[in-house]
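The values are calculated or read from the model by the stated rules, or taken from the named source; none is laboratory data. Just so it is clear, the structure is predicted and the values come from calculations on it, not from any experiment. A quick note on method: Cβ atoms are made from the backbone with ideal geometry, for glycine too, and the neighbour counts reach across all protein chains shown.
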Amino acid sequence: MGKLLEVNNLSISFTQYVQGLNRHDLKVISDLSLDIGESEIVAVLGSSGSGKSLLAHTILGILPYNAHVTGDVKFNGEILDQEKKEKIRGKEICLIPQSVNFLDPLMKVSQQAVGECKDDNERKEKKIRQREVFAKYGLDESVDDLYPFELSGGMARKVLLSTALLNDPDLLIADEPTPGLDSKSVEETIQDIRKLKDQGKGVLLITHEIDVALKTADRIAIFYSGYVIEINKVENFLNSDNLLHPYTKALVDALPHNGFKLTEGVQPLEEVSGCPYYENCPISSDKCANNKPELIEHDGAMIRCFNFNKAVSEEVVDEVVSEEVVDEVVSEGPVEESVSEEIAEEVNGEEANDGA
Ligand SMILES: Nc1ncnc2c1ncn2[C@@H]1O[C@H](COP(=O)(O)OP(=O)(O)O)[C@@H](O)[C@H]1O
Ligand code: SF4
Ligand SMILES: [Mg+2]
């Protein structure tokens, strides 16, 4: 079966003017490639400010005017130019935005979910569909007439999800759908996204929360300093031995003692001549200092590292984990498990269900 979405060698930079006249290119995303099939959830996991929303906005064709973009986006095998992006946006590809601020504060939620209609017939049809979809996500009729500020966090999230699903898109992009929600709403969001997969839809889940990616996705793409450094199946994240990149291994070895948080601020922001992980890497070689590894396929995964098969001694892993990834929790002692039992059960349970 063909891929629903393919992003190939996407790079995004912004021109900045320092002290008025000096031009400076800020590269935010470099050589990003990933794909999503039907009935597949792919999580893009990266820290705040790493370019995740820009990836979503590239696919939807809503980038800011000063962004320079190279690479291409294909949907059902066809390259999307700006015109095509505008045509399928809100129809075949929909965005579940991060926050309720995306809703018009002055318009009742059902009105904005229905959107513009060419005549009364279309409005009636869309209104019926809006009620059906809202009801499916537990939003009763009283919600239709509410304004966004009257919604609770959980209701707002359901309104955003239902609104995105009204046109029955093939691909959903969920941009950070869980921050700020209580744990019950987070679980519901995860279940709602999992249900979309069962309906045959592809989902691009953008998040900086590792536990949400682990519980929701089929594959996880790890962002580091604007690069995708590894894309691997979620079950391989249960044991760092099954992962390939030293950063990803260290990240998983740090769980759950770091509270399932990505570390912020350790990634180089400026363009470097070699591997972006060189400064922190425990298995670097001379080649890594001035050469950039490509993203290559290995055993069903994608990896960007010259030495990914090289073993890392436990001592070195401990050092990397404690110094760079979980420096605030070093006093808690050695990490005994990669991930929490709860998450392992969810991933394993899901596998068992898939096989049934
Ligand atoms: N219009 C813009 N002009 C200049 N830089 C921008 C612009 N939009 C985003 N950026 C840069 O791109 C980075 C990534 O943004 P974003 O995709 O929103 O990050 P994320 O969603 O991962 O938190 C920001 O930290 C900022 O430096
Ligand atoms: S390419 Fe070299 S520096 Fe980069 S992650 Fe691999 S071993 Fe480490
Ligand atoms: Mg964002």
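State whether one or more residues within region 196-219 are touching a His at 6+ places or on another chain (Cβ under 9 Å) and either modelled with pLDDT of 90 or more or more than 16 Å from ligand 2 (Cβ to nearest atom) (or both). Spell out how you get there, then give the answer.
Filtering region 196-219 for residues touching a His at 6+ places or on another chain (Cβ under 9 Å) gives none.
Within region 196-219 (the criterion being touching a His at 6+ places or on another chain (Cβ under 9 Å) and either modelled with pLDDT of 90 or more or more than 16 Å from ligand 2 (Cβ to nearest atom) (or both)), the answer is no, since none of the residues qualifies.
Go through (1) surrounded by fewer than 15 Cβ atoms within 10 Å (Cβ to Cβ); (2) without any contact (Cβ under 8 Å) to a residue 24 or more places away in the chain; (3) over 30 Å from N8 (Cβ atoms) one by one and return the number of the condition F149 breaks.
Looking at each condition in turn, F149 falls short on (2).
Listed here are the residues, each with its yes/no results for (1) in a helix (DSSP H, G or I); (2) modelled with pLDDT under 85; (3) more than 13 Å from ligand 2 (Cβ to nearest atom); (4) not assigned by TED's automatic domain parsing to the domain that holds L45.
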site	(1), (2), (3), (4)
L255	no, yes, yes, yes
Q267	no, yes, no, yes
E279	yes, no, no, yes
A311	no, yes, no, yes
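Here's the yes/no breakdown for (1) in the same structural domain as Y247 (by TED's automatic domain parsing); (2) more than 12 Å from the chain's Cα centre (by Cα); (3) under 25 Å from Q199 (Cα atoms):
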| position | (1), (2), (3) |
| --- | --- |
| D25 | no, yes, no |
| S30 | no, yes, no |
| G37 | no, yes, yes |
| I41 | no, no, yes |
| V44 | no, no, yes |
| G49 | no, yes, no |
| H57 | no, yes, yes |
| G61 | no, yes, no |
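Suppose we filter S142, S110, S162 for residues that are farther than 26 Å from L205 by Cβ and buried (at least 19 other Cβ atoms within 10 Å of the Cβ); which single one remains?
Details: S142 fails: buried (at least 19 other Cβ atoms within 10 Å of the Cβ); S162 fails: farther than 26 Å from L205 by Cβ.
Just one listed residue meets the conditions, S110.
Can you confirm whether region 42-54 contains a residue that is away from ligand 1 (no atom under 11 Å from the Cβ) and surrounded by fewer than 17 Cβ atoms within 10 Å (Cβ to Cβ)?
The first filter runs over region 42-54 and keeps only residues away from ligand 1 (no atom under 11 Å from the Cβ), leaving 42-43.
Add one more test, that the residue is surrounded by fewer than 17 Cβ atoms within 10 Å (Cβ to Cβ), and what stays is none.
No, region 42-54 has no match at all.
Pairs needed: first member in region 231-250, within 20 Å of L32 (Cα to Cα) and free of Cβ contacts under 8 Å to residues at least 60 places away in the same chain; second member anywhere, away from ligand 2 (no atom under 16 Å from the Cβ) and part of a helix (DSSP H, G or I); C-beta distance under 9 Å; at least 6 residues apart or different chains.
Once the first residue is within 20 Å of L32 (Cα to Cα) and free of Cβ contacts under 8 Å to residues at least 60 places away in the same chain and sits in region 231-250, its partners that are away from ligand 2 (no atom under 16 Å from the Cβ) and part of a helix (DSSP H, G or I) give L243/N236; L243/F237; T248/F237.
Scan region 227-252 for residues that are of a type outside the set (A, V, I, L, M, F, W, C) and more than 14 Å from ligand 2 (Cβ to nearest atom) and jot them down.
In the first step, residues of region 227-252 are kept if they are of a type outside the set (A, V, I, L, M, F, W, C); the result is 227, 230, 232-233, 235-236, 239-242, 245-249.
Answer for region 227-252, where residues must be of a type outside the set (A, V, I, L, M, F, W, C) and more than 14 Å from ligand 2 (Cβ to nearest atom): N232, K233, E235, N236, N239, S240, D241, N242.
Condition first: within 13 Å of ligand 2 (Cβ to nearest atom), farther than 22 Å from L10 by Cβ and either free of Cβ contacts under 8 Å to residues at least 24 places away in the same chain or aliphatic (A, V, I, L, M) (or both). Now tell me which residues in region 286-306 satisfy that.
Filtering region 286-306 for residues within 13 Å of ligand 2 (Cβ to nearest atom) gives 286-296, 298, 303-306.
Narrowing further to those that are farther than 22 Å from L10 by Cβ: 286-290, 306.
Listed by number, the residues that qualify are D286, K287, C288, A289, N290.
Among the numbered conditions (1) more than 27 Å from E38 (Cβ to Cβ); (2) at pLDDT 90 or above, tell me where K87 comes up short.
Unmet for K87, out of (1) more than 27 Å from E38 (Cβ to Cβ); (2) at pLDDT 90 or above: (1).
Do the conditions hold for S225, that is, is it more than 19 Å from G37 (Cα to Cα) and free of Cβ contacts under 8 Å to residues at least 60 places away in the same chain? Outline the logic, then answer.
Values: more than 19 Å from G37 (Cα to Cα): yes; free of Cβ contacts under 8 Å to residues at least 60 places away in the same chain: no.
Taking the combined requirement at face value, the residue does not satisfy it.
Looking at region 128-136, is at least one residue in contact (Cβ under 8 Å) with a residue 40 or more places away in the chain and more than 16 Å from ligand 3 (Cβ to nearest atom)?
Of region 128-136, the ones in contact (Cβ under 8 Å) with a residue 40 or more places away in the chain are none.
Within region 128-136, none of the residues are in contact (Cβ under 8 Å) with a residue 40 or more places away in the chain and more than 16 Å from ligand 3 (Cβ to nearest atom).
With respect to S11, determine if the residue is in contact (Cβ under 8 Å) with a residue 60 or more places away in the chain, more than 16 Å from ligand 2 (Cβ to nearest atom) and in a loop (DSSP other than H, G, I, E, B). Explain how you work it out, then say what you get.
Values: in contact (Cβ under 8 Å) with a residue 60 or more places away in the chain: yes; more than 16 Å from ligand 2 (Cβ to nearest atom): yes; in a loop (DSSP other than H, G, I, E, B): no.
Answer is no for this residue.
Among the listed residues K84, K52, K74, K91, identify the single one that is closer than 25 Å to T178 by Cβ and of a type in the set (K, R). Step through it out loud before you land on a result.
Details: K84 fails: closer than 25 Å to T178 by Cβ; K74 fails: closer than 25 Å to T178 by Cβ; K91 fails: closer than 25 Å to T178 by Cβ.
Step by step, each of K84, K52, K74, K91 is checked, and only K52 is closer than 25 Å to T178 by Cβ and of a type in the set (K, R).
With the requirement that a residue be within 21 Å of G200 (Cβ to Cβ) and aromatic (F, W, Y), what does region 40-78 give you?
The answer is F75, and nothing else.
Just give me the residues in region 126-165 being within 29 Å of S48 (Cα to Cα) and among the hydrophobic types (A, V, I, L, M, F, W, C), in sequence order.
The answer is F149, L151, M155, A156, V159, L160, L161, A164, L165.
I'm checking my understanding of the structure. Among residues of region 53-76 that are among the small types (G, A, S) and touching an Asp or Glu at 6+ places or on another chain (Cβ under 8 Å), which one is farthest from ligand 2 (Cβ to nearest atom)?
Applying the first criterion (among the small types (G, A, S)) to region 53-76 yields 53, 56, 61, 67, 71.
Applying the additional criterion that residues be touching an Asp or Glu at 6+ places or on another chain (Cβ under 8 Å) yields 53, 56, 61, 71.
Numbers: S53: 26, A56: 26, G61: 33, G71: 21 Å.
By that ranking, first place goes to G61.
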